[in-house]
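Below is one structure, written out as structure tokens, with a few remarks after it.
The values are calculated or read from the model by the stated rules, or taken from the named source; none is laboratory data. Note that the structure is predicted; figures quoted are calculated from it, not measured. Ideal geometry is used to build each Cβ from the backbone, glycine not excepted, and the neighbour counts take in all protein chains shown.
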Amino acid sequence: METLSRTAYPSDGDDDEWAFVAPDLSVMAEAAPPRRHDPREVVNGVRFIVRTGMHWRVMPNEAPPWRTL
């Protein structure tokens, strides 16, 4: 179980939701470059945008860059 290095937002998924989507996000081609951002943080960032309706470019600083989301 991963723990966040930041205070959780209400839009963040819980551990059960992450366990449901994580297997689909872990599939990568062998030639793929290493990930720059934690996949769970990327999913949480997308959930934040969907829930709040905030613009992509004004994401909180602790989230992955808006271009990644």
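Just a few scattered comments:
- Of everything in region 17-32 that is in a loop (DSSP other than H, G, I, E, B) and at pLDDT below 90, the residue that is farthest from the chain's Cα centre (by Cα) is Glu30.
- Residue list for region 50-69, restricted to those being in contact (Cβ under 8 Å) with a residue 12 or more places away in the chain, assigned to a helix (DSSP H, G or I) and either under 20 Å from Thr7 (Cβ atoms) or polar (S, T, N, Q) (or both): Val50, Arg51, Thr52
- Condition check for Arg47: of a type outside the set (Val, Ile, Thr), part of a loop (DSSP other than H, G, I, E, B) and either surrounded by 10 or more Cβ atoms within 10 Å (Cβ to Cβ) or touching a strand residue (DSSP E or B) at 6+ places or on another chain (Cβ under 7 Å) (or both): no
- Residue list for region 8-30, filter: aromatic (Phe, Trp, Tyr) and either touching a residue at least 24 places away in the same chain (Cβ under 8 Å) or in contact with a Cys (Cβ under 6 Å, 6 or more places away or on another chain) (or both): Tyr9, Trp18
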